[in-house]
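Single-structure report; data block below.
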There are 4 protein chains.
Amino acid sequence: MEIRFSTGIWVFGAGVERFAPTGYKPARPIVELIKEAGRVEGLQGLEFHYPTEVNEENVKQVKDALSTANLKAVAIAPVLSQEAQWARGALSALDESTRRRAVERCKKAIDIARELGAEILIIWPGREGFDFPFTTDYRKLWNNYVSSIKEVAEYGPEIKVALEYKIEDPSSYLLHGSAARALTTILELRMQGIKNVGINVEFAHAKLAKEYVPEAIVLISRYNALYHLHLNDIFTEVDLDLFPASVHLLEFAELLYWLKETNYSGWFGLDLFPRYLDAAEMVRQSIENVRAIYRALESIGWERIRKVIDSNNPIEAQKLIRELLR
Amino acid sequence: MEIRFSTGIWVFGAGVERFAPTGYKPARPIVELIKEAGRVEGLQGLEFHYPTEVNEENVKQVKDALSTANLKAVAIAPVLSQEAQWARGALSALDESTRRRAVERCKKAIDIARELGAEILIIWPGREGFDFPFTTDYRKLWNNYVSSIKEVAEYGPEIKVALEYKIEDPSSYLLHGSAARALTTILELRMQGIKNVGINVEFAHAKLAKEYVPEAIVLISRYNALYHLHLNDIFTEVDLDLFPASVHLLEFAELLYWLKETNYSGWFGLDLFPRYLDAAEMVRQSIENVRAIYRALESIGWERIRKVIDSNNPIEAQKLIRELLR
Amino acid sequence: MEIRFSTGIWVFGAGVERFAPTGYKPARPIVELIKEAGRVEGLQGLEFHYPTEVNEENVKQVKDALSTANLKAVAIAPVLSQEAQWARGALSALDESTRRRAVERCKKAIDIARELGAEILIIWPGREGFDFPFTTDYRKLWNNYVSSIKEVAEYGPEIKVALEYKIEDPSSYLLHGSAARALTTILELRMQGIKNVGINVEFAHAKLAKEYVPEAIVLISRYNALYHLHLNDIFTEVDLDLFPASVHLLEFAELLYWLKETNYSGWFGLDLFPRYLDAAEMVRQSIENVRAIYRALESIGWERIRKVIDSNNPIEAQKLIRELLR
Amino acid sequence: MEIRFSTGIWVFGAGVERFAPTGYKPARPIVELIKEAGRVEGLQGLEFHYPTEVNEENVKQVKDALSTANLKAVAIAPVLSQEAQWARGALSALDESTRRRAVERCKKAIDIARELGAEILIIWPGREGFDFPFTTDYRKLWNNYVSSIKEVAEYGPEIKVALEYKIEDPSSYLLHGSAARALTTILELRMQGIKNVGINVEFAHAKLAKEYVPEAIVLISRYNALYHLHLNDIFTEVDLDLFPASVHLLEFAELLYWLKETNYSGWFGLDLFPRYLDAAEMVRQSIENVRAIYRALESIGWERIRKVIDSNNPIEAQKLIRELLR
């Protein structure tokens, strides 16, 4: 399996949050961030938010900077959550003019993706849900949401529309809270002939949904719907985008096995939130973590691992786990 | 909305568990249990496990007892978890002879359902999953599981096969852990022409899956897949089958609203674990809890509630919540 | 029980967060915010962050504005989390100069509290913990943290130092994650003669710690350590500071009962995050929610409730719950 | 650090549970179980329930069997949960005669401990709590519970009374749900001169309480209260007593480091639930898992690990994690 790493350009940004309203670092021009990303050994691709990071104004500049840095544009993520205008929903908004604005933003993001040669449109549905009991007509919410995704997917039939499910946050409760919830929409749209909607699995989000990620990957690939990965980790239940495998080491090991076994050929995206850490260093260490686990598996041997798994024997699995250790 | 209550005959049983290996109460003959159930005001139907509660030997006896007690047979649940033989899976078992036995059991349960006039076959997939990392070929597990469900559904095309999802327990991790995971199987089978597989929502299981049950009901009914309900409640994260609404009072209120709004016409099953409580009394109080909430909603007025929800305004929702109070 | 409501002046602020980097509303001068708070019927007190909301420069102005608005200063909360300088800890910081700065900030906050006549210093230890495995000497962390609290408490022996525990966020894992963790520190300090450290229970934080708040209140009051309340609610596991009782209606009812039963005489603080809602309206509705539940309990009668609880009978409890409904 | 392994004799038992009411294996005489345990390489001690596994009748027989098998009696755990009589509480029971019976059982268990030379009395408070809202006077519950523990501790001042906290199950909500909750009782009793009450940390229970076990160990050892360990693991939120480190590999590594660093000198108890696995083999593999991690840490070098932790640098921690891998 070829492992190609990408990361979000936002990883190199200021890091504004509720608990650091002015950010952890100064804001810097996008071209400078791309240049810095280009210096990270092993990093081959970048992902962007539209329009906050890339937009009609700076797209040429970004394209040139990517070319100079020898980086590929991998994915465009329209901003559908991180602005006050989406506080009550975007693609699922019960307010029709808001919903139209959200759909239009996605279409423009697809235009940008085409211009940059990015194959993936990431939809992170952080506001597609609700906040309180007794406030929402869930039927309309689902109808609006699925219609919007359909319209976006039809606008860019050659683009992979990747749903990045998350159970909650910033809204209290999200429609696409788990891999399987996203799959219901994907299967519904397939029955209507729409074939370019799939999933971006963010490791931490999968954990919040109580998924065991290796199994979730297999379920998604059962429907040929694994379009992208956002690797990171989570310690408790707050989504801090930590180094991949810095907590769930063993789960990452089995995840890599199953990505190989299911012939995953997409990117290994890294979605990180460095806060007080140096962004480039955090990306570097993340790449090293993934590579080190992969090397350990490789040195055990894929056939050996397959045999243990096929034995369906927890005793054999313990031996295998111990072989992972130095 | 007509509210017809059923309950599991097991509710009247001994209550053996890990922490009470000899049960909380003496075991009693099934006919006696049915007679006791018949005395609970408002109870109209019963559900049975096959073959531990109803089977080829006693089915006539059970039928007669039901008739005498003026109770309907609502659902049959084949035992696929509560025996050591299913410790490594039943319908999904990687061991083919085990899997065959599980499928055959379901078919026999369908035969019994036919004999009793029960319309629902409940599949509670408590062993359809795995216990440990690095022990399981998840692809085979899913393949086996979906094939088995298909075979069972085809055997009884006039029977509603209701998947009672649960996230874990007794196995560590279950394939059908959430409503949406069950829906992926349901949609996959629909694409193959199988139309009689749906869902039995157990309230407590939905909470373990981090679902907001009113919304989950709407999602399921989007696919016309809500076949049955198991109402109860959960206090923390241990599945103790408490009185419905004894903890999640407000959520039950919104649940009843949406059941009415989506024209649910099935049974209101009660799945309870009385332990030290009198079973009949627990069923009675459970019925009263549901009725009391329904009456409160009715007295507020469905149109008024609909208006509040349509307003999509959390302020209005607060006023509504206060109206629920005496 | 006299119910006096206070709220944080931050509730009226702009609401900057990770997903709304420029806030949901324009920033406004503190005096204007106080004036607005003064117009909320039933609100009698305010709480402030030091130095972002009240500080040496504006304290006189704030005092005058409070007096004009007929509001009492209830609590001062030194900012120990919401700035990048505390990213690696404040009162527990392993970096000694950072820790000194944090202690000094608390002392200055006490000076301000004295000037305003506020009796409570709220310590919200959102950075007193760690983010990753294998990065932290937990012994030093605890030592530093307890020493700092001790020093702060000794500086203001007449001030109630109220620890507002939270399990995580913004740091991954917090030392004072639960009521009982705060209690260990409180009891340790009592053995050393420090008697003015207690707890501020924030409802949502207690839920994140898997506490049943009515019981937690009783445990805390067993040690006479309940100094303050931050009432709000939580829907899933993201801390959004919703209207009190908008989700956990029944738990609020039992909470009010036990606050009365344990003779709680402190303030009913409201910690809310209005986002897209009008702040004043959200405070108003929150007060109404609490009052409505209290009235319902009162109309059932305290003696009746006490009798049900004393009966230790879940059947009787179901009847009581139904009496709460209209 | 010397690592001495013990396990519960129940691990070799039949394994009755709610989902296997007749158990996974045939019941066998206690002497036979001890003999089998004696054949497990590396196992040096055993733990027993009183009176179901050891009692006044068979204590001599057990003593002889232990001696023959060259095993030490490590701990006695009075049965306070796993019988219907404790359904509404044991040491905290609101029914005084039940509470007296529970206290007496503990005293008799201490007598047995003395006879067998076991130093630890394990109190697993699985019923010391409640099941429902509005049913319980929490003040009385706490009073009863702490009084009972005090009486038991005074009866055996040379015995280590080890509280095995758990957040829930079999009761819905338990008073000693976390390490810190147990610590509040321990500190309260210390103020009254009782010095022989401490904690038995069960790994899975700590995870249910959202604890990071390495940190919890340090908090407990801050109060010299770490009396015993029950090592195992947990996959989701169902307490299945899996092989230690079969899921939380990295956390076990840091746990072993901190046990060494805090000079833990007690036993490494293994609390396992083999279900369909061979008990002896499960114990063997569990011992191997712990040893393998310890060897990996040792080969990295304690000084090196200490340096990384002291650096308080997540980047260095990533390097260390990778060194754990082969």
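Worth a mention:
- Any chance D:GLU128 is within 14 Å of chain C (Cβ to nearest Cβ), of a type in the set (Asp, Glu), crowded, with 20+ Cβ neighbours inside 10 Å and under 16 Å from D:ALA77 (Cβ atoms): yes
- Residue that is farthest from B:GLN85 (Cα to Cα), among those in the stretch D:18-33 that are surrounded by 15 or more Cβ atoms within 10 Å (Cβ to Cβ) and touching a residue at least 12 places away in the same chain (Cβ under 8 Å): D:VAL31
- Scanning the stretch B:241-256 for residues that are more than 8 Å from chain D (Cβ to nearest Cβ) and over 18 Å from the mean Cα position of the chain (by Cα) yields B:LEU249, B:LEU250, B:ALA253, B:GLU254.
- Yes/no for C:ARG99 being among the basic types (Lys, Arg), under 17 Å from C:GLU164 (Cβ atoms) and surrounded by fewer than 24 Cβ atoms within 10 Å (Cβ to Cβ): no
- Residues of the stretch D:170-182 classified as part of a loop (DSSP other than H, G, I, E, B) and either polar (S, T, N, Q) or buried (at least 24 other Cβ atoms within 10 Å of the Cβ) (or both), total: 6
- Qualifying positions in the stretch D:47-62 - part of a strand (DSSP E or B) and more than 13 Å from D:PRO78 (Cβ to Cβ): none
- Answer residue from the stretch C:1-36, given it is hydroxyl-bearing (Ser, Thr, Tyr) and within 14 Å of another protein chain (Cβ to nearest Cβ) and is farthest from A:THR22 (Cα to Cα) among those: C:TYR24
- Residue match in the stretch D:177-194 (condition: hydroxyl-bearing (Ser, Thr, Tyr), in contact (Cβ under 8 Å) with a residue 24 or more places away in the chain and closer than 27 Å to B:PHE273 by Cα): yes
- Conditions (1) more than 14 Å from every other protein chain (Cβ to nearest Cβ); (2) of a type in the set (D, E, K, R); (3) surrounded by fewer than 21 Cβ atoms within 10 Å (Cβ to Cβ); (4) within 20 Å of the chain's Cα centre (by Cα); number of the one not met by D:ARG39: (4)
- A single member of B:GLN82, B:GLN61 is at pLDDT 95 or above and either surrounded by fewer than 23 Cβ atoms within 10 Å (Cβ to Cβ) or within 26 Å of A:PHE252 (Cα to Cα) (or both), and it is B:GLN61.
- C:ALA113 falls short on exactly one of the conditions (1) under 19 Å from the mean Cα position of the chain (by Cα); (2) surrounded by fewer than 20 Cβ atoms within 10 Å (Cβ to Cβ); (3) small (Gly, Ala, Ser), and that condition is (2).
Yes/no matrix, rows are residues, columns are (1) assigned to a loop (DSSP other than H, G, I, E, B); (2) out of contact with any Pro (no Cβ under 9 Å at 6 or more places or on another chain); (3) of a type in the set (Asp, Glu); (4) modelled with pLDDT under 95:
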| site | (1), (2), (3), (4) |
| --- | --- |
| D:SER246 | yes, no, no, no |
| D:LEU250 | no, no, no, no |
| D:GLY266 | yes, yes, no, no |
| D:LEU272 | yes, no, no, no |
| D:LEU277 | yes, no, no, no |
| D:VAL283 | no, no, no, no |
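- The stretch B:292-318, residues that are surrounded by fewer than 16 Cβ atoms within 10 Å (Cβ to Cβ) and either of a type in the set (D, E, K, R) or closer than 27 Å to B:LEU43 by Cα (or both): B:ARG295, B:GLU298, B:SER299, B:GLY301, B:TRP302, B:GLU303, B:ARG304, B:ARG306, B:LYS307, B:ASP310
- Scanning the stretch B:183-199 for residues that are within 22 Å of the chain's Cα centre (by Cα) and outside any helix (DSSP H, G or I), we see that the one that is farthest from the other protein chains (Cβ to nearest Cβ) is B:ASN196.
- Qualifying residue in the stretch A:319-326 (condition: assigned to a loop (DSSP other than H, G, I, E, B) and buried (at least 16 other Cβ atoms within 10 Å of the Cβ)): no
- Extreme residue, surrounded by the most Cβ atoms within 10 Å (Cβ to Cβ), among residues of the stretch D:241-266 that are farther than 30 Å from D:GLY15 by Cα and of a type in the set (Asp, Glu): D:GLU254
- Some residue of the stretch B:54-63 being in contact (Cβ under 8 Å) with a residue 60 or more places away in the chain and over 22 Å from B:THR185 (Cβ atoms): yes
- Yes/no for A:LEU121 being surrounded by 24 or more Cβ atoms within 10 Å (Cβ to Cβ), within 15 Å of A:ALA77 (Cα to Cα) and more than 14 Å from chain B (Cβ to nearest Cβ): yes
- The single condition from (1) free of Cβ contacts under 8 Å to residues at least 24 places away in the same chain; (2) within 20 Å of the chain's Cα centre (by Cα) that B:PHE12 fails is (1).
- Test: residue in the stretch D:240-253 that is at positive phi and either touching a residue at least 60 places away in the same chain (Cβ under 8 Å) or out of contact with any Ser or Thr (no Cβ under 7 Å at 6 or more places or on another chain) (or both): yes
- Taken together, C:THR98, C:THR136 contain a single residue that is farther than 30 Å from C:GLU281 by Cβ and assigned to a helix (DSSP H, G or I), which is C:THR98.
- Search result, residues across the stretch A:90-105 that are without any contact (Cβ under 8 Å) to a residue 24 or more places away in the chain and either farther than 11 Å from A:PRO78 by Cβ or not basic (Lys, Arg) (or both): A:ASP95, A:GLU96, A:SER97, A:THR98, A:ARG100, A:GLU104
- Filter result (of a type in the set (Val, Ile, Thr) and at the interface with chain D (Cβ under 10 Å from one of its Cβ atoms)) within the stretch B:131-176: B:THR135, B:ILE167
- For the stretch B:211-240, the candidate set comprises residues that are assigned to a loop (DSSP other than H, G, I, E, B) and more than 11 Å from chain D (Cβ to nearest Cβ); within that set, the residue that is surrounded by the fewest Cβ atoms within 10 Å (Cβ to Cβ) is B:ASN224.
- Search result, residues across the stretch B:263-321 that are of a type in the set (S, T, N, Q), more than 8 Å from every other protein chain (Cβ to nearest Cβ) and on the phi > 0 side of the Ramachandran plot: B:ASN263
Let's see how each residue does on (1) under 24 Å from C:GLU202 (Cα atoms); (2) among the polar types (S, T, N, Q); (3) touching a strand residue (DSSP E or B) at 6+ places or on another chain (Cβ under 8 Å):
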{"residue": "C:TRP258", "(1), (2), (3)": "yes, no, no"}
{"residue": "C:TYR264", "(1), (2), (3)": "yes, no, yes"}
{"residue": "C:PRO274", "(1), (2), (3)": "yes, no, no"}
{"residue": "C:LEU277", "(1), (2), (3)": "yes, no, no"}
{"residue": "C:TYR294", "(1), (2), (3)": "yes, no, no"}
{"residue": "C:SER299", "(1), (2), (3)": "no, yes, no"}
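The values are calculated or read from the model by the stated rules, or taken from the named source; none is laboratory data. It should be emphasised that the depicted structure is a prediction, and the values quoted were computed from it without experimental measurement. Note: ideal-geometry Cβ built from the backbone for every residue, glycine included; neighbour counts use all protein chains shown.
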